[in-house]
Amino acid sequence: MSQEKELDPLGSARQMFGARLRRMRKAKGWSLDVLEAKVPLSKSQLARVERGSYLPPEKLPALLDDLFGTEDLFAELYVFACREAVQQYGYNLLLDHERRAVGIKEYAGVLIPGLLQTEGYARALFRSTAARDEAWQEEQLAIRMARQTRLRGENPPHHAVILDEAAVRRPVGGPAVMREQLEYLITMVETPWCVIQLLPFSYGEHGMLGGAVHLLTMPDNRTFAYEESSGNGTMMEAPDRVQRHVRHWDRLWAYAVKPQETAAFLRQVIEALPGSTASPTDTAPVFALTPTTPTPRTDVFNVRHATLGGNSES
């Protein structure tokens, strides 16, 4: 029988997570085989978690806290482990601010935003980034899915998304993956906590073109802006820089099509995907997306969130 490797709980948050898990498991007198029967991970995966070589899936920490009666110990260690797994300083700040934000506004110019990505869509992106590094792919997937848990919690932040038509048109992961992703977006187009509006190609150039922008409003009403491009992200706190992004976002929100029209367009994009059962005459989206010259709207969502910060200066 092979001897278990000595653990260093001070080496990293992930190693501390694993060391605590092993200690709690042994205190119960459980083998890895016993624990395997109680959680949705294999024995080999659990061994890797204990060694600190594998970031566990997002659902495991809460299960472990329930099993061992440790309140939020594993859940809190998991948050720190996720932070350590992300190397970019700016992205670490984004994760931290997302966890505390009461309002999140996003412009997604090229891809579906991470907070709304399905597992298949996210997995395809990570595979394209590092095709041979499956461990990194699984690690990043766990972080991405963990970011979404607060949106499904008891007190989620208000989430408003401007989705550029380019993000909808790019078939990430193949037709089946993209179909699942678009169908999920339709369910999120207009909920009590989330509103998605499409910005059509016909709008042309604008101040946020070329990347993605997050506007995060904190409980104290401060707003931070996170600007993201391929492989890089910058968190901004200076009021003048933040307000510049806020003004651009508010203008695009006024020109984007309404949620119901966004959902209708997404359905037509789904029908146009390869393998669709739609008739040939229905395969090209024909929904009118040419914006007129609207006045900035003060619909229910904007009125409800006026106190969250991020309103444009007159």
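Here are some notes:
- Carbon/sulfur fraction of accessible area - the stretch 50-125, other protein chains in place, 1.4 Å, %: 55
- Carbon plus sulfur fraction of accessible area for the stretch 142-200, probe 1.4 Å, in percent: 53
- Cross-link partners of Lys258 among aspartates and glutamates, defined as those whose alpha carbon lies under 19 angstrom from its own and excluding same-chain residues fewer than eight positions apart: Glu106, Asp164, Glu165, Glu183, Glu190, Asp250, Asp299.
- Solvent-accessible heavy-atom area per residue, rounded to whole Å², over the stretch 130-219 at 1.4 Å: 44
- Principal axis dimensions, largest first and in whole angstrom, of the stretch 8-145 by Cα: 52, 35, 26
- Equivalent ellipsoid, the stretch 97-251 (semi-axes from 5 times Cα gyration tensor eigenvalues, Å): 24, 18, 17
- Length-normalised contact order for the stretch 217-257 - Cα pairs under 8 Å, 6+ apart - percent: 26
- Contour excess over end-to-end distance, with Cα ends at Trp136 and Arg244 and 0.36 nm allotted per residue: 35.3 nm
- Once you reduce the stretch 172-204 and the stretch 40-54 to the center of their Cα atoms, the two points are 35 Å from each other.
- The stretch 21-66: C-alpha gyration tensor shape, a/c 1.5 cut-off, then a/b vs b/c: rounded
- Rg over Rh for the stretch 168-264 works out to 0.99, using Cα positions for both radii and the Kirkwood form for Rh.
The values are calculated or read from the model by the stated rules, or taken from the named source; none is laboratory data. Predicted model only: the values in this text are computed from it and were never measured. Ligands, DNA and RNA are stripped out before the accessible areas are found, and what is left, the full protein with its side chains, is counted by its heavy atoms. Shrake-Rupley method; radii C 1.70, N 1.55, O 1.52, S 1.80 Å.
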